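Asks: A single structure is presented below for examination.
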Amino acid sequence: MSKPVIVVEDDPFTRLIQIALDPTTPEERVKGFTDFMAHDEPDFAGWIARVRNGSANIVPAEVRLVGSEDDMRANLKDAVAVVTESLRVGADDLAAGGKLQVVQKFGTGLRNIDADACAKKGVKVLTLRRRANISCAEHFFALMLTLARRMETISGLVTAKRIKDAGITLRPFDRRHTPGGNFPRIGGLKALNESTIGILGFGEIGKEIALRAKAFGMRVLYHQRTRAPEAEERESGATYVSLPTLMAESDWIAPQVPTLPSTRNLIGRDELSRMKPGACIVNVANAPIVNREALMEALRAGRLGGVAMDIHYQEPVADDDELLSFGNVVLTPRMAGSPRHNGLKDFEQLITGLAREIRL
């Protein structure tokens, strides 16, 4: 029996499908991922074995990685499944893939998949709510709360000596009359409740952020080229506004557009000048969305309440990067999607889900 053909949109993470299912995967790639996973999953070989055991009916498979819609269509003739994140799958693609049984979206949004055409052809459409996206939203809130509660400043300020070493004079409150909270007298804290968050790009991570912002009692604004369906707005409590309105009314800005030439410098001097004094930017998506020079000017001028970034203009960041000199800037080393178990669980679920649906 010939090996099942699975066409997969090429992405650094979707290559895990190739590693798990296709024994012809170059050993160099397997070694690269073994090293990439080691600090969270030291038994990567065991993960591969477990996934293969749970999808035995499609192992071994021929996994074809494709980088464009034309490339995808050219490889669909013998395919039983296609896995896509952004590549569009329409009626013409289904016609080219006469053996297709499953279209797997690497995510939940079906804007790039003609679900009606799939239904007419009897092709099952599968989705996946990605744990890595949820983790990105969690890390976004960790950064936002760090800025809001000034965690970088107050961590450890619980002893008289530490308070003094921080340059703060400890003056106890008169407890005969007052409460004793915030005994180091740290000012400048922000509340998320009743503040406004502006999400630029309402993709899957943007929606995960919106759901959590709603739970915090925040007003949620969003902007992107195409307005989201009303049901998605209602679920997340988000309101569609123009980009100028989003920049002007938000206390927190969340750039969440994809990494494309068209999104580079999307937030520049004009956009930053519209922000409220003291508003903050939290970026876990793509550093060049925000023009670096404009961002530095706004920080030097003291117009921004803070900046938190998990992705950077240069990685690793240079020791003398000026961003490191600001007390209201929080930088983390691209941790949003971690731990690696998020991605491994995502792909174990995706691959075993394909195996349940494919009939050979």
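The values are calculated or read from the model by the stated rules, or taken from the named source; none is laboratory data. Quantities reported herein were computed from a predicted structural model and do not represent experimental measurements. All Cβ positions, even for glycine, are placed from backbone atoms using ideal geometry, and neighbour counts span all protein chains on display. These accessible areas exclude ligands, DNA and RNA; they are computed on the full protein's heavy atoms, side chains included. Shrake-Rupley method; radii C 1.70, N 1.55, O 1.52, S 1.80 Å.
Asks: Specify whether the C-alpha gyration tensor of the chain places it in the rounded, prolate or oblate class, a ≥ b ≥ c being the square roots of the eigenvalues: rounded for a/c under 1.5, otherwise prolate if a/b is larger than b/c and oblate if not. Could the numbers behind the result be given before it?
Replies: Values: a/c = 2.40, a/b = 1.86, b/c = 1.29.
Note, shape of the chain comes out prolate.
Asks: Shifting gears a bit: Taking the mean number of other Cβ atoms within 10 Å as a proxy for protection, how do you rank 24-31, 67-74 from highest to lowest? It would help to have the intermediate numbers written out before the result.
Replies: On the way: 24-31: 11.5, 67-74: 15.2.
Ranked by mean Cβ neighbours within 10 Å, highest first: 67-74, 24-31.
Asks: Now for a different question. With unit charges on the beta carbons (Lys and Arg positive, Asp and Glu negative) and the dipole taken about the Cα centre of the range 45-139, which residue among Asn53, Val103, Val82 sits farthest to the positive side?
Replies: Asn53
Asks: Here's something else I'd like to know. For the range 47-189, just say rounded, prolate or oblate: build the C-alpha gyration tensor, square-root its eigenvalues into a ≥ b ≥ c, call rounded for a/c under 1.5, and beyond that prolate if a/b exceeds b/c, oblate if not. Provide the component values of the computation, followed by the final result.
Replies: Details: a/c = 4.48, a/b = 3.40, b/c = 1.32.
Verdict is prolate for the range 47-189.
Asks: Here's something else I'd like to know. So what's the back-of-envelope 222 nm ellipticity for the chain, counting only DSSP H runs of four-plus at -39500 (n - 2.57) apiece and dividing by all residues, rounded to 500? Please list the in-between numbers first.
Replies: Values: 15 runs with 133 residues, N = 360.
-10500 deg cm²/dmol, from helical runs alone.
Asks: In this model, which of Lys124/Lys207; Lys3/Lys77; Lys105/Lys345; Lys3/Lys345; Lys120/Lys345; Lys99/Lys121 are farther than 20 Å apart at the alpha-carbon? Don't jump to the answer; show the numbers that get you there.
Replies: Working: Lys124/Lys207 25 Å; Lys3/Lys77 14 Å; Lys105/Lys345 16 Å; Lys3/Lys345 25 Å; Lys120/Lys345 31 Å; Lys99/Lys121 10 Å.
Among Lys124/Lys207; Lys3/Lys77; Lys105/Lys345; Lys3/Lys345; Lys120/Lys345; Lys99/Lys121, the Cα-Cα distance tops 20 Å for Lys124/Lys207; Lys3/Lys345; Lys120/Lys345.
Asks: Additional query: Among Thr159, Cys118, Thr169, whose Cα sits farthest toward the positive end of the charge dipole of the range 114-180 (+1 at Cβ of Lys/Arg, -1 at Cβ of Asp/Glu, about the Cα centre)?
Replies: With unit charges placed on the Cβ atoms, the residue in question is Thr159.
Asks: For the chain, which whole percent of the accessible surface, found with a 1.4 angstrom probe, sits on carbon and sulfur atoms? Don't skip to the answer; put the middle values down first.
Replies: Numbers: 9040 of 18070 Å².
Here it works out to 50 percent.
Asks: So what is the relative contact order for the range 296-360, in percent, with contacts set as C-alpha pairs under 8 Å and at least six apart?
Replies: On the way: 28 pairs, mean separation 20.4, N = 65.
With pairs under 8 Å counted, the relative contact order is 31 percent.
Asks: Which whole-number value in Å² is the accessible area per residue of the chain, probe 1.4 Å?
Replies: Numbers: 18070 Å² over 360 residues.
On a per-residue basis, the chain sits at 50 Å².
Asks: What length, rounded to one decimal in nm, is gained on full extension from Asp92 through to Arg171, with 0.36 nm per residue of separation minus their alpha-carbon distance?
Replies: On the way: separation 79, 0.36 × 79 = 28.44 nm, distance 7.37 nm.
That pair, Asp92 and Arg171, stretches by 21.1 nm at full extension.
Asks: Determine the distance separating the Cα centre of the range 332-347 from the Cα centre of the range 181-195; give it in Å without decimals.
Replies: With the range 332-347 and the range 181-195 each reduced to a Cα centre, they are spaced 31 Å.
Asks: Calculate the dipole size of the chain relative to its Cα centre from +1 charges on Lys and Arg beta carbons and -1 charges on Asp and Glu beta carbons; express the result in debye to the nearest 20. Mind showing how you got there, number by number?
Replies: Values: 48 positive and 46 negative charges, 264 e Å.
In total the dipole reaches around 1260 debye.
Asks: So what are the ³J(HN,Hα) numbers for the range 67-74, from phi and the Karplus equation (6.51, -1.76, 1.60; θ = phi - 60°), rounded to whole Hz, Gly and Pro as x?
Replies: Going residue by residue, I get x, 8, 5, 5, 5, 4, 4, 5 Hz, with x marking Gly and Pro.
Asks: When we measure straight from the Cα of Lys276, which aspartates and glutamates land under 18 angstrom away, once same-chain ones fewer than 8 places off are left out?
Replies: Glu194, Glu249, Asp251, Glu297
Asks: Tabulate in residue order the Karplus-calculated ³J(HN,Hα) for the range 229-242, using 6.51 cos²θ - 1.76 cosθ + 1.60 with θ = phi - 60°, rounded to whole Hz; enter x for Gly and Pro.
Replies: The phi angles translate into x, 4, 5, 5, 4, 5, 4, 8, x, 9, 10, 7, 9, 6 Hz.
Asks: In addition: Going through the range 159-250, which chymotrypsin sites (Phe, Trp or Tyr not before Pro) have at most 13 other Cβ atoms within 10 Å and a DSSP loop state?
Replies: Numbers: sites: Phe173, Phe202, Phe216, Tyr222, Tyr240; in loops: Phe173, Phe202, Phe216.
Qualifying residues, ordered by number: Phe173.
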